Amino acid sequence: MNLSATWRHAVGADGGVWIQVAPVGEPALGPVAFMHRASSGENPTAPLGHHWEDSTHIAFEVVTLGGGWKWVAVDASVFRGEEPDEHRWDIEGGRIDSASARARFFLGGGWSAQVSHGFLKHPEPLEKGDTHRTTASIGFGADGEGPFAASLIWGSNEERSGSSRAWLLEAAWQMTPRWQIYLRAEQVDKDAELLRTKQVAADVGDPVPIARIRALTAGLVRDFALLPRLATGIGVDATLYDVPRSLRGVYGSSPVAVHAFLRMRWGTPHGGGHGGHGMGE
């Protein structure tokens with residue numbers, strides 16, 4: 001969901017300024033969210049590092065001011081930091097209490113990059129405390145107009161419970177108009193006790209033990225014609241996980257997940273080679 005009103009004013013042929021006001025929107029923090037990145041392709045699953053990289057894509061009460069010139073753009077946002085509850089059909093609103101800033105670089109030849117930082121006021125409803133989030137990313141084929149796109153993304157959270165990091169490398173290749181493959185490799189620092197017990201630890205203010213989780217996903221999607229203007233596809237993927245020895249009693253020594261899905265998308269795609277996903281870092 002992204003409900004917004006945007007005003008733009010061109011400044012010559014090489015730049016412009018803009019302001020965006022959204023009851024639900026995406027502030028200037030991180031790369032474009034995974035479901036809109038060309039490099040994610042048709043992968044419907046959120047990355048393990050979603051809350052380090054791009055989870056603010058559905059923030060409330062977002063006001064963004066930005067400007068660009070030639071190959072660089074900068075923008076800044078204020079917004080509500082707390083993430084939405086599980087009832088995603090309403091607009092929660094709330095007080096603006098968080099801020100972020102981002103610089104984006106359009107490097108030519110299909111390459112783009114961004115670096116950003118934000119202060120999030122109490123983002124997790126079940127965990128007390130604020131978060132300072134820093135992200136950086138570089139991508140190829142962000143507009144989704146070619147058959148191949150890739151991204152390398154890093155995110156860092158500084159919280160009262162300590163510091164944690166996440167890395168992600170992903171790519172998608174539209175082999176033919178009907179067939180696409182996608183890959184995702186990631187590493188993220190997770191709360192070890194939460195993974196072991198499935199319970200949020202009591203708030204004691206001390207650093208939490210970290211478990212470094214790695215995952216590798218490979219997927220394949222086949223599009224087929226069902227109804228006019230309805231982009232339909234069947235996909236399957238598999239993910240291999242690597243977990244610390246301390247968690248193997250819970251998850252096993254070599255956890256594997258297999259995922260099959262049916263995708264139906266109405267209307268004309270926004271981009272060319274990746275079924276409508278754009279990454280416009």
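At-a-glance table
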quantity	calculated
Contacts under 6 angstrom Cβ, first residue in the range 61-74 being over 13 Å from residue 112 (Cβ atoms) and open to solvent by less than 20 Å² (accessible area, probe 1.4 Å), partner among the acidic types (Asp, Glu) and part of a strand (DSSP E or B), 6 or more apart	64/75; 66/75
Yes/no for residue 271 being modelled with pLDDT of 90 or more and within 20 Å of the chain's Cα centre (by Cα)	no
Any pair with Cβ under 7 angstrom, 6 or more apart, that starts in the range 133-158 at a residue that is within 21 Å of residue 28 (Cβ to Cβ) and at pLDDT 95 or above and ends at one that is surrounded by fewer than 20 Cβ atoms within 10 Å (Cβ to Cβ) and β-branched (Val, Ile, Thr)	136/115; 152/138; 156/134
Every residue from the range 95-143 that is touching a strand residue (DSSP E or B) at 6+ places or on another chain (Cβ under 7 Å) and of a type in the set (Lys, Arg)	95, 102, 104, 121, 133
Enumeration of residues in the range 167-179 that are hydrophobic (A, V, I, L, M, F, W, C) and either within 15 Å of residue 40 (Cβ to Cβ) or at pLDDT below 95 (or both)	168, 169, 171, 172, 173
Any chance residue 31 is touching a helix residue (DSSP H, G or I) at 6+ places or on another chain (Cβ under 9 Å), modelled with pLDDT of 95 or more, under 28 Å from residue 233 (Cα atoms) and outside any helix (DSSP H, G or I)	yes
Residue 82 being surrounded by 15 or more Cβ atoms within 10 Å (Cβ to Cβ) and either among the acidic types (Asp, Glu) or not in a strand (DSSP E or B) (or both)	yes
Residue check for residue 185: open to solvent by less than 50 Å² (accessible area, probe 1.4 Å), over 29 Å from residue 77 (Cα atoms) and within 20 Å of the chain's Cα centre (by Cα)	yes
Residues of the range 113-132 satisfying the condition of being open to solvent by less than 10 Å² (accessible area, probe 1.4 Å), modelled with pLDDT of 95 or more and not aliphatic (A, V, I, L, M)	114, 116, 118, 131
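The values are calculated or read from the model by the stated rules, or taken from the named source; none is laboratory data. Predicted model, so just to flag it, every value in this text is computed and none were measured. Backbone-built Cβ (ideal geometry, glycine too); neighbour counts: all protein chains shown. Surface accessibility is based on the protein's heavy atoms, side chains included, excluding ligands, DNA and RNA. Shrake-Rupley method; radii C 1.70, N 1.55, O 1.52, S 1.80 Å.
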